[in-house]
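Enquirer: After the structure tokens below, expect a handful of questions from me.
The values are calculated or read from the model by the stated rules, or taken from the named source; none is laboratory data. All values reported here derive from a predicted model rather than from experimental measurement. FYI the Cβ positions are ideal-geometry reconstructions off the backbone, even for glycines, and counts take in every protein chain you see.
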Amino acid sequence: MPSNRRTPPKYRLQKSRGLAVVTLNGKDHYLGRWQSEESYREYDRLIAEWLAAGRTVPDIAEQPRTMTVEDVIAAFWVYAKLHYRKNGEPTKELDNLRYAARVLRKLYGTTEADDFGPKALKVIQQELIRQGNSRNFINSQIGRIKRIFRWAVSEELVRPDLAHALSCVRGLQRGRSEARETAPVAAVGDEVVAKTIAHMTPVVADLVQFQRLTGCRPTEACAVRPKDLDRSHAIWRYHPESHKTD
């Protein structure tokens, strides 16, 4: 039944995807990235056709909008800002994802998401090599781009087989690409540590000694709190509030 509303349906934000949407006669029509010029143009077109058809959705208006890579990134970012948090604060992984998304958007932002495939991912891989990044860094960033599209598949934003297709792109192997290799991180000699500790404040010196005895990372050493330690036995037990992967 035609709508009796005098004002046209509103241009709205679909928060979970970061996309603009308008509902016509009970059906949602996605318009593109929220507040983008393209989404406003699509909204104007749909409303004009809807009004011209007597506030109904004619068959000619059923033109499914194609999702671009930029749209996928925008939708993923809404999810990422909520997911990659710990104790209410954004994690470092969010910055890593931002870098990966920036490269993806620069090279393929306007490409239809369903047209993005293994060859395009390899182009990004080569661009990261050209920029002088290390092999391990490149593999990590390519893995993050794959993760973005796996999420998009789970949200039915792109074709179901896209995540599998991208997973077929292998990571760069040592000595088999032009990517820069990083030197292995060697252990600091005991004599160097001993001489350095003599010039440290007591707190920092204790942290260094704790790291040497436990093999933990600096951030893990700094996170230890007295209430997390069970000192009721000869051997103390540490029970962290949360695991680093939480």
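Enquirer: Testing residue 191 on (1) part of a helix (DSSP H, G or I); (2) touching a helix residue (DSSP H, G or I) at 6+ places or on another chain (Cβ under 9 Å); (3) exposed (fewer than 12 other Cβ atoms within 10 Å of the Cβ); (4) not polar (S, T, N, Q), one condition comes back false. Which one is that?
Expert: For residue 191, the failing item is (2).
Enquirer: From the list 208, 185, pick out the single residue that is more than 20 Å from residue 112 (Cα to Cα), of a type outside the set (S, T, N, Q), in a helix (DSSP H, G or I) and over 24 Å from the mean Cα position of the chain (by Cα).
Expert: The match here is 208.
Enquirer: Within region 173-184, work out how many residues are in contact with a strand residue (DSSP E or B) (Cβ under 8 Å, 6 or more places away or on another chain), small (Gly, Ala, Ser) and exposed (fewer than 14 other Cβ atoms within 10 Å of the Cβ).
Expert: Residues meeting the conditions: 0.
Enquirer: Answer with yes or no whether residue 221 is assigned by TED's automatic domain parsing to the domain that holds residue 140, surrounded by 10 or more Cβ atoms within 10 Å (Cβ to Cβ) and under 37 Å from the mean Cα position of the chain (by Cα).
Expert: Considered against the rule, which asks whether it is assigned by TED's automatic domain parsing to the domain that holds residue 140, surrounded by 10 or more Cβ atoms within 10 Å (Cβ to Cβ) and under 37 Å from the mean Cα position of the chain (by Cα), residue 221 comes out as no.
Enquirer: Inside region 125-139, can you point out the residues that are of a type in the set (A, V, I, L, M, F, W, C) and touching a helix residue (DSSP H, G or I) at 6+ places or on another chain (Cβ under 6 Å)? Steps first, answer last, please.
Expert: Kept after step one, since they are of a type in the set (A, V, I, L, M, F, W, C), are these residues of region 125-139: 128-129, 137-138.
The answer is 128, 138.
Enquirer: I need the full set of residues from region 211-235 which are in a helix (DSSP H, G or I), without any contact (Cβ under 8 Å) to a residue 24 or more places away in the chain and within 25 Å of residue 87 (Cα to Cα), in order please.
Expert: Listed by number, the residues that qualify are 211, 214, 218, 219, 221, 222, 223, 226, 227, 228.
Enquirer: Applying the selection to region 26-59, what residues are farther than 23 Å from residue 109 by Cα and hydrophobic (A, V, I, L, M, F, W, C)?
Expert: Correct list: 46, 47, 48, 50, 51, 52, 53, 57.
Enquirer: Restricting the search to region 188-223, which residues are hydrophobic (A, V, I, L, M, F, W, C) and within 25 Å of residue 94 (Cβ to Cβ)?
Expert: 216, 221, 222, 223
Enquirer: Sticking with this structure for a sec: How many residues are surrounded by 17 or more Cβ atoms within 10 Å (Cβ to Cβ) and hydroxyl-bearing (Ser, Thr, Tyr) if we restrict to region 149-172?
Expert: 0
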